Amino acid sequence: MPPNSDSSDDDQNPKPNPYPNPKPSSIDQPLDVIENQLASISIVQPEPESDTNGTSPSKLTKGSLNENFGGDNGNLRHGNVMEKSSSSKITERNNSGMEDMEEPSSPSSSGYAGERGSSNGSSSGRAGSGIGEVDDEIHEIVNNNSLDGVLNSHVQWLPGKRHGSEDDASISWRKRKKHFFILSHSGKPIYSRYGDEHKLAGFSATLQAIISFVENGGDRVNLIRAGKHQVVFLVKGPIYLVCISCTEEPYMSLRGQLELLYNQMILILTRSVNRCFEKNAKFDMTPLLGGTDVVFSSLIHSFSWNPATFLHAYTCLRLAYATRQSAGAILQDVADSGVLFAMLMCKHKVIGLVGAQKASLHPDDMLLLSNFVMSSESFRTSESFSPICLPRFNSMAFLYAYVHYLDGDTYLILLSTSSDAFYHLKDCRIRVENVLLKSNVLGEIQRSMVDGGMRIEDLPDDRGSRSGAVSPHLGQPGHATYSSERFDEAFLGVGGPAGLWHFIYRSIYLDQYVSSEFSSPINSRRQQKRLYRSYQKIYASMHEEGIGPHKTLFKRDDNYVLLCWVTPDFELYAVFDPLADKALAIKTCNRVCQWIKDVENEIFLLGASPFSWWTVPGNTSLPEFAEISL
Amino acid sequence: MPSRRRTLLKVIILGDSGVGKTSLMNQYVNKKFSNQYKATIGADFLTKEVQFEDRLFTLQIWDTAGQERFQSLGVAFYRGADCCVLVYDVNSMKSFENLNNWREEFLIQASPSDPENFPFVVLGNKVDIDGGNSRVVSEKKARAWCASKGNIPYFETSAKEGTNVEEAFQCIAKNALKSGEEEEIYLPDTLDVGTSSQPRTGGCEC
């Protein structure tokens with residue numbers, strides 16, 4: 001899953017579609033489009049009565065805390081906090097105009113005087129119509145599906161904040177599918193994914209009030225459900241984090257995302273920032289975070305494509321064993337000279353990783369560090385030396401990171417505990433770079449980037465049997481063998497052997513995962529994201545409390561067959577055609593495990609952890625699995 | 001995060017119910033007034049951008065409910081305030097007498113680092129009513145109380161007619177800003193993992 005090569009998940013700037021949608025690949029898409037049009041229409045209704053204070057020059061946003069918000073979800077959604085928005089100026093709204101809405105219309109919409117008591121009629125009339133979500137995915141469909149089969153042909157995800165002029169009175173802001181907020185315990189805004197933090201000060205105060213009100217009663221608020229929306233809270237001392245989402249992601253996933261967002265902030269500032277709040281509750285930390293907007297927005301974007309964000313594991317660039325060994329050797333060499341960690345990465349994939357003696361890096365820290373490096377443009381232009389904190393290593397202390405890009409995507413990170421280490425680390429980098437150039441490791445990396453990782457089409461046959469040619473649709477495993485002609489008919493565009501579409505394999509001991517490349521029919525960004533969300537959901541359900549050491553799941557829904565196999569050693573998540581045959585799917589999963597074992601020294605970094613003796617368990621099969629009927 | 005340095009100031013408005021806290025804010029932010037009384041439930045939050053001496057900053061105004069049943073909102077509401085505005089009705093002696101309670105309650109709950117010098121502003125509202133004939137708290141008396149509490153700035157306002165509202169909030173902003181500035185200087189002091197023997201302790205050694 002490429003990090004930057006596709007449009008953003010929840011907030012893509014819609015572009016007019018040059019092509020009509022000739023081949024919708026599933027029936028719900030046109031419906032979505034219609035729904036979206038309906039939503040547009042409903043918002044277009046002019047509302048003259050709300051124009052009374054539209055000329056007010058002051059910029060106002062307002063939330064209101066209702067005394068009984070704790071018990072009544074409806075209040076949150078339909079109360080002042082979420083719902084009040086009206087404007088007569090947005091009649092030109094269309095798919096591409098969402099972010100262009102004028103500010104002056106916003107303040108009037110929450111008109112403090114106008115709506116206070118007298119204008120309930122107008123706002124309740126809108127309650128039913130205006131609350132549809134801005135489904136940017138829908139726009140993507142319009143964009144992408146017309147280009148079905150053309151991977152990543154659309155707009156690149158752009159770093160940084162968009163829609164910065166919005167506030168909580170903007171309809172567009174209210175309709176964003178997924179909001180993230182960071183605020184201080186005094187209610188001062190620190191970060192908002194969308195909109196201007198200062199204009200959202202009133203909203204921020206509302207969030208603080210909700211958290212504090214519940215805290216005052218000796219309790220803690222974790223989650224509020226309000227219709228389709230989930231409001232997830234995370235309190236980290238004086239820092240409050242809130243996610244408001246209607247993406248139907250599991251609570252556990254959203255909470256995990258808030259944890260990562262918090263740790264991303266800690267990576268930049270360390271947790272000793274808490275002391276500033278202890279000394280002075282008024283403390284405003286936004287100046288300390290100046291310019292780091294892109295780091296947060298890029299992390300949030302990765303919540304929609306990077307499995308590392310929920311697997312808590314890292315992934316490696318596929319490389320010949322010897323190549324990775326030679327990269328590892330030179331990294332080990334510099335690590336022995338007093339470098340705490342040496343990481344060689346290509347985009348979000350690891351090439352080599354070495355820690356001094358027994359120091360080990362948590363996969364979350366690797367994710368956050370690489371996100372920090374990749375999202376900050378300045379690292380690309382020159383060698384850099386920056387204080388950073390690894391929250392899972394030591395959240396109170398700064399380390400010093402030397403970062404240097406060796407080519408467009410490949411970068412070296414050297415971490416030291418000494419603030420004077422720049423010249424030493426620079427020397428180390430020169431040594432590493434020389435070795436990598438001489439041994440052509442950089443060339444191999446480039447080639448691997450082009451070649452890609454594991455492709456389901458390449459799944460080796462199971463000991464010569466032609467199980468790949470068995471139609472999964474007919475459900476007669478072992479009997480129906482068709483000629484390759486027939487095979488082509490049955491499998492036109494429906495993936496690999498036995499209808500296998502994709503898989504993710506996570507090694508528990510290695511803290512690593514490998515996921516197959518996207519193949520047909522998972523072509524469009526929308527399909528990839530839907531797949532991602534399915535994995536996320538199934539992962540969460542497999543990791544709910546009370547899970548045994550072995551667990552299997554076979555789930556068939558409208559979109560996929562999902563097959564999960566969780567053992568103490570590894571976890572396999574595989575996605576098949578929704579009509580795939582169960583017995584064949586199980587067989588195929590065993591073949592995938594065998595395949596991973598066969599190529600483990602190319603796809604994993606072995607020997608990076610104390611568990612270097614680890615290999616894929618030899619006897620890979622799902623014996624008990626075939627008997628379970630779900 | 002704002003690219004340009006902006007300051008956000010948290011301003012809390014306190015006072016008995018019905019003295020006109022919400023109306024004052026409404027007049028200030030929206031230039032609107034309604035005779036209709038709507039009790040604030042819990043608290044309302046507004047923001048207003050203000051220019052002061054070439055600096056742009058944002059007032060985050062916390063309009064609280066005056067009724068006693070909402071006082072349980074407590075410490076969280078007052079935490080980290082940059083300025084506290086105490087409002088009374090010049091036509092109600094009780095609301096004036098209660099200023100003392102409001103002020104003390106605030107200092108207890110917010111526990112600011114320097115309570116002696118925490119910026120308060122007192123507003124005597126509703127001076128327009130009955131042409132001032134129904135007034136029971138004299139300006140002199142109010143000013144005397146303000147002086148006794150460390151020279152709290154005092155304004156006589158009418159939310160209905162907009163009298164002195166802008167001036168009062170300018171003063172509130174100025175005082176809030178002043179109290180904030182002393183604190184803005186410091187950076188978080190961060191630990192250095194330091195000696196080379198130490199760094200492994202944080203790592204997972206399993």
Over what distance in Å are the Cα centres of the range A:308-331 and the range B:103-144 separated?
67
Need one number: nm distance between label points at A:Leu553 and A:Ser541, each 7 Å from Cα along Cα→Cβ, rounded to one decimal.
0.5
Placing +1 on the Cβ of each Lys and Arg and -1 on the Cβ of each Asp and Glu in the range A:314-451, which of A:Gln325, A:Val339, A:Ala359 has its Cα farthest towards the positive end of the resulting dipole?
A:Gln325
Under 5 Å between amide H atoms, partner at least 5 residues away or on a different chain: which partners does A:Leu317 have, H built in plane at 1.01 Å?
A:Val350, A:Ile351
Quote the FRET efficiency, to the nearest 0.05, computed for A:Glu457 versus A:Ile430 with a Förster distance R0 of 51 Å and r equal to the Cβ-Cβ distance.
0.80
P(r) of the range B:5-183 over all Cα-Cα pairs, binned every 10 Å from zero, in whole percent
10, 41, 38, 10, 0
For the residue pair A:Val450 and B:Asn151, what label-to-label distance in nm results when each label sits 7 Å from Cα along the Cα-to-beta-carbon direction?
7.7
Sequence of A:Tyr411, B:Tyr37, A:Tyr505 once ranked by neighbouring C-beta atoms within 10 Å, starting from the fewest
B:Tyr37, A:Tyr411, A:Tyr505
Whole-percent tail of the Cα-Cα distance distribution for the range A:244-305, cut at 16 Å, equals 54
How about the range A:340-436: which GluC sites (Glu not before Pro) there are in a DSSP loop, with at most 16 other Cβ atoms within 10 Å of their Cβ?
A:Glu377, A:Glu383
Cα centroids of the range A:355-430 and the range B:16-43: how far apart, whole angstrom?
53
7 Å from Cα along Cα→Cβ at both A:Gln357 and A:Ser395: what's the point-to-point distance in nm?
2.5
Selection of trypsin sites (Lys or Arg not before Pro), the range B:24-116, meeting DSSP coil and at most 12 other Cβ within 10 Å:
B:Lys38
With no solvent and one equal point scatterer per Cα, compute the Debye intensity ratio I(q)/I(0) for the range A:497-603 at 0.15, 0.16, 0.17 Å⁻¹ and report its log10, rounded to two decimals.
-0.61, -0.70, -0.80
Long-range amide H partners of B:Asn125, meaning residues 5 or more apart or on another chain whose placed amide H is closer than 5 Å, are B:Tyr88, B:Asp89, B:Val90, B:Thr157
Enumerate the calculated ³J(HN,Hα) couplings along the range A:277-290 in order (Karplus 6.51 cos²θ - 1.76 cosθ + 1.60, θ = phi - 60°), each rounded to whole Hz, writing x wherever the residue is Gly or Pro.
6, 5, 6, 7, 5, 6, 3, 10, 8, 4, x, 5, 9, x
Take the Cα of A:Asp333, step 7 Å along the line toward its Cβ, and report every residue of the range A:381-418 whose backbone nitrogen sits under 18 Å from that point.
A:406, A:412-415
Among A:Gln230, A:Phe277, A:His301, whose Cα sits farthest toward the positive end of the charge dipole of the range A:171-303 (+1 at Cβ of Lys/Arg, -1 at Cβ of Asp/Glu, about the Cα centre)?
A:Gln230
May I ask for the equivalent-ellipsoid semi-axes of the range A:333-427, computed as the square root of five times each C-alpha gyration tensor eigenvalue and listed largest first in whole Å?
18, 15, 14
Could you bin all the Cα-Cα distances of the range A:171-303 into 10 Å bins starting at 0 and give me the percent of pairs in each, rounded to whole numbers?
12, 46, 36, 6, 0
Order by neighbour count: B:Ser158, A:Ser378, fewest other Cβ atoms within 10 Å first, most last.
A:Ser378, B:Ser158
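A short reminder: the numbers here are calculations on the coordinates, not readings from a lab. Being a predicted model, the structure only gives us computed values, none of them experimental. Positions of Cβ are generated from backbone atoms using ideal geometry, with glycine treated the same way; all protein chains shown enter the neighbour counts.
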